[in-house]
Amino acid sequence: MNKQKNNNFLILLGVFIIISALRIVLNKNPYIVNIIGAINVIAFLYVFYLILEQTEQTFIEELPIHSCCGEQVIIKKKKYFKRIINVIKPLILILGLIYCFFARSVSNDIISLGALFLSIQTETICRFLSNYFIQKK
């Protein structure tokens with residue numbers, strides 16, 4: 001787990017440096033708002049997918065502990081959870097791609113603040129979601 005976090009840090013540091021340089025170079029570009037919108041959407045999607053992965057991991061780890069009804073219930077809940085995740089991931093990706101074409105500076109700020117909030121509250125959100133799916137009938 002520590003190695004994964006370290007790899008994420010190095011990847012994000014590299015991406016930060018590249019995006020910062022790109023932002024400086026493209027400062028006079030007439031489509032800079034759309035470019036920043038795409039960067040913000042990528043950041044938001046990255047955080048969102050990390051939350052989904054961590055929620056799935058927490059769900060799989062804690063489901064047998066909280067389930068008293070046997071293996072069939074565990075299998076059913078895992079399938080339901082996977083279905084939900086498989087619907088949410090492409091939906092969020094499509095919405096993000098559509099947004100890039102309609103980006104505005106204010107909405108870019110909102111998305112970047114949303115990504116920041118989600119990244120700070122990742123663990124709390126993951127616990128909430130995994131507990132919700134565990135308790136779902």
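Worth pointing out:
- Listed by first and then second residue, the pairs with beta-carbon distance under 6 Å, at least 6 apart or on different chains, first residue in the stretch 83-102 and free of Cβ contacts under 8 Å to residues at least 40 places away in the same chain, second surrounded by 14 or more Cβ atoms within 10 Å (Cβ to Cβ) and part of a helix (DSSP H, G or I), are 85/52.
- The combined condition, being farther than 30 Å from residue 35 by Cα and surrounded by 15 or more Cβ atoms within 10 Å (Cβ to Cβ), is fulfilled by residue 77.
- Residue 118 in contact with a helix residue (DSSP H, G or I) (Cβ under 7 Å, 6 or more places away or on another chain) and of a type in the set (A, V, I, L, M): yes
- Within the set 74, 17, the sole residue that is of a type in the set (A, V, I, L, M), modelled with pLDDT under 85 and part of a helix (DSSP H, G or I) turns out to be 74.
Conditions tested, residue by residue: (1) out of contact with any strand residue (DSSP E or B) (no Cβ under 7 Å at 6 or more places or on another chain); (2) surrounded by 12 or more Cβ atoms within 10 Å (Cβ to Cβ); (3) closer than 17 Å to residue 133 by Cβ; (4) among the β-branched types (Val, Ile, Thr).
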position	(1), (2), (3), (4)
27	yes, no, no, no
47	yes, yes, no, yes
65	yes, no, yes, yes
96	yes, yes, no, no
106	yes, no, no, yes
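The values are calculated or read from the model by the stated rules, or taken from the named source; none is laboratory data. Given the structure is predicted, the values throughout are model-derived calculations rather than measurements. So basically every Cβ, Gly included, is an ideal-geometry build from the backbone, and we count neighbours across all protein chains shown.
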